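Read through the structure below, which is laid out as structure tokens, and then see the notes.
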Amino acid sequence: MFQLKTSSPEETYAFGQKLADKIRQGMAFCLEGDLGAGKTLLVQGLANALHVIDEVTSPTFAIMNVYDGDYTIYHFDLYRLEFERELEDIGFYEYSETEDAVIIIEWPDRFPDDLPNDYIGLKIDRGRLENERIITISQQGKKNQKFYEELKELCRF
Ligand SMILES: Nc1ncnc2c1ncn2[C@@H]1O[C@H](COP(=O)(O)OP(=O)(O)OP(=O)(O)O)[C@@H](O)[C@H]1O
Ligand SMILES: [Mg+2]
């Protein structure tokens with residue numbers, strides 16, 4: 001894993017935009033962070049760079065939002081779900097393994113055993129200062145190795 005620090009909402013948004021550079025269809029991102037950490041901002045940056053026109057919000061009540069841009073994006077929020085049965089009901093397993101879209105899963109820690117085999121992990125923590133955030137990037141599985149290495153390189157500067 002590697003980490004980077006953002007010092008403003010704009011920088012977190014810009015990091016989200018950066019993720020779009022090397023993205024491929026079929027990729028999944030698991031996005032962790034407390035309330036107000038900056039998850040939605042990051043996704044807004046990513047969606048903007050993928051030319052999504054619709055407004056990007058927290059899918060807390062909808063459970064899943066769908067955005068159309070350069071790729072279709074399925075944006076999940078598992079916060080309110082309690083049982084694996086509910087994942088089945090919303091079609092989570094089909095969606096999250098699809099090769100025809102980009103998947104973003106918020107609150108993945110709710111269902112650690114039900115996540116895709118391959119994903120990029122993004123965790124946002126608050127830093128020492130008010131507007132500071134520490135973003136930890138990790139990867140799970142082999143599929144995104146190249147993306148991960150390239151992103152790491154991009155983030156060095
Ligand atoms: N470095 C930073 N990166 C991201 N957001 C920041 C930063 N500094 C301050 N903020 C503020 O933190 C808030 C992040 O809000 P956002 O809606 O993106 O969080 P969230 O993780 O989606 O929360 P929720 O779980 O409630 O949906 C915004 O008000 C933003 O202005
Ligand atoms: Mg949010």
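Counting only protein heavy atoms and a 1.4 Å probe, tell me what percentage of the chain's accessible area is made up of carbon and sulfur.
Carbon-and-sulfur percentage of accessible area, whole number: 46.
Any idea how far the Cα center of region 121-155 sits from the one of region 9-88, in Å?
Centre-to-centre (Cα) distance: 15 Å.
With N denoting the number of residues in region 2-111, provide Rg(C-alpha) divided by 2.2 N^0.38 Å, to two decimal places.
1.03
Rounded to the nearest whole Å², what accessible area per residue is found for region 2-111 with the 1.4 Å probe?
Averaged over the residues of region 2-111, the accessible area is 49 Å².
I want to check the label-to-label distance for I134 and D118. Put each point 7 Å from Cα in the C-beta direction and report it in nm to one decimal.
Distance between the two pseudo-spin positions: 3.0 nm.
Averaging sequence separations of C-alpha pairs under 8 Å and six or more residues apart, then dividing by the length of region 1-114, give the relative contact order as a whole percent.
Once divided by the residue count of region 1-114, the mean separation gives 30 percent.
For region 9-21, just list the computed ³J(HN,Hα) in residue order, Karplus coefficients 6.51, -1.76 and 1.60, θ = phi - 60°, integers in Hz, with x standing in for Gly and Pro.
Per-residue couplings from phi come out as x, 4, 5, 5, 4, 5, 5, x, 5, 4, 4, 6, 3 Hz.
Quick one: how many lysine pairs does the chain have with C-alpha atoms less than 20 Å apart and a gap of 8 or more or different chains? Give me the count, please.
Taking the chain as the scope, the lysine pair count is 23.
Nearest 5 percent is fine: what portion of the DSSP beta bridges confined to region 15-148 is antiparallel?
That works out to approximately 50 percent antiparallel.
Please report the net charge: other residues with Cβ closer than 15 Å to the Cβ of Q139, K and R +1, D and E -1.
Net of charged neighbours comes to +2.
For a quick check: with amide H placed at 1.01 Å from N, whose amide H comes under 5 Å from C30's, ignoring anything fewer than 5 positions away on the same chain?
Result for C30 returns I105, I120, G121, L122.
The values are calculated or read from the model by the stated rules, or taken from the named source; none is laboratory data. Remember, it's a predicted structure, so these values are computed and weren't measured experimentally. So basically every Cβ, Gly included, is an ideal-geometry build from the backbone, and we count neighbours across all protein chains shown. Note: accessible area is taken over every heavy atom of the protein model, side chains too, but ligands, DNA and RNA are not part of it. Shrake-Rupley method; radii C 1.70, N 1.55, O 1.52, S 1.80 Å.
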